[in-house]
1. For the stretch 107-151, give me the residue count where each residue is among the aromatic types (Phe, Trp, Tyr) and more than 30 Å from Gly59 (Cα to Cα).
2. What's the total number of residues in the stretch 17-46 that are charged (D, E, K, R), under 17 Å from the mean Cα position of the chain (by Cα) and at pLDDT 95 or above?
3. Taking the stretch 46-69, which residues are touching a strand residue (DSSP E or B) at 6+ places or on another chain (Cβ under 9 Å) and crowded, with 16+ Cβ neighbours inside 10 Å?
4. Output the number of the condition that Cys137 fails; it satisfies all remaining conditions of (1) away from the ligand (no atom under 14 Å from the Cβ); (2) in a loop (DSSP other than H, G, I, E, B).
5. Would you confirm, using the coordinates I've provided, whether Ser165 is more than 10 Å from the ligand (Cβ to nearest atom) and among the hydroxyl-bearing types (Ser, Thr, Tyr)?
6. Listed residues Ser71, Ser122; which is more than 10 Å from the ligand (Cβ to nearest atom), touching a Leu at 6+ places or on another chain (Cβ under 8 Å) and closer than 27 Å to Ala32 by Cα?
7. Answer yes or no as to whether Tyr48 is of a type in the set (Phe, Trp, Tyr) and farther than 30 Å from Arg164 by Cα.
8. When Gly81 is evaluated against the numbered criteria (1) closer than 16 Å to Phe18 by Cα; (2) within 11 Å of the ligand (Cβ to nearest atom), which criterion, by number, is the only one it fails?
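The values are calculated or read from the model by the stated rules, or taken from the named source; none is laboratory data. For clarity, every value in this text was computed on a predicted model and none was experimentally measured. Cβ placement follows ideal geometry from the backbone for every residue including glycine, while neighbour counts extend to all protein chains displayed.
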Amino acid sequence: MTIQARLPVGATYVPEFFGGEEAAWLAAALDAGSWDTTLKRRVQHFGYRYDYRARAVTGDAYLGPLPDWLSGVCGRLAGEGYFERLPDQVIANEYLPGQGISAHVDCVPCFADRIASLSLLSACEMVFRHSAGGERCSLMLEPGSLLVMEGAARYDWTHEIPARSADVVDGEKRPRGRRLSLTFRNVIRSL
Ligand SMILES: O=C(O)CCC(=O)C(=O)O
């Protein structure tokens, strides 16, 4: 697959948003929590539970305020202008080598325009496909990086992480390690 430098309009990639020590600290906070094993990959939901089967944030989905360690990250995201309102919903995903996430557009009626995903511990390739045109592009999400999606990138393109144990960058095979991500959103409607 060709890795294109040009991202979908509305996608912003911020390398080294988080340093290694901060990332290790966040990973430790996640591992001190309780991973949900219902899906192929483990997840943790904060603020509101997203119902994957109903594809909705249901009326009983409120889980309570975000933990302090996560509120701090939300404060930083808003403070640095990546969100106008503090995010109130976060999903942590764990990807072991060979695991990924299928192509999707984040629930449109559930979540506000801007979403942001923080990558921790290991890199992986994210692939974008234009929903109408079939155009495709991709980028490596390096540990510590932040990917912000809004507008066309949020609504007109799907994003996915192919389930594989290594990626190829400039002809070089890069084996994947354990990757954690935190995706920040604002809930706009619960059913
Ligand atoms: O792991 C990521 O960076 C993306 C996660 C994602 O797309 C999602 O939770 O909907």
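1. Initial filter on the stretch 107-151 (among the aromatic types (Phe, Trp, Tyr)): 111, 128.
Then drop every residue that is not more than 30 Å from Gly59 (Cα to Cα), which leaves 128.
Adding up the residues that qualify gives 1.
2. Here the count works out to 3.
3. Phe46, Gly47, Tyr48, Arg49, Tyr50, Val57, Ala61, Leu66 - these are the residues of the stretch 46-69 that are touching a strand residue (DSSP E or B) at 6+ places or on another chain (Cβ under 9 Å) and crowded, with 16+ Cβ neighbours inside 10 Å.
4. Result: Cys137 passes all but (2).
5. Numbers: more than 10 Å from the ligand (Cβ to nearest atom): yes; among the hydroxyl-bearing types (Ser, Thr, Tyr): yes.
Answer is yes for this residue.
6. Details: Ser122 fails: touching a Leu at 6+ places or on another chain (Cβ under 8 Å).
When all the criteria are applied, what remains is Ser71.
7. Working: of a type in the set (Phe, Trp, Tyr): yes; farther than 30 Å from Arg164 by Cα: no.
The answer is no for Tyr48.
8. All conditions pass for Gly81, except number (2).
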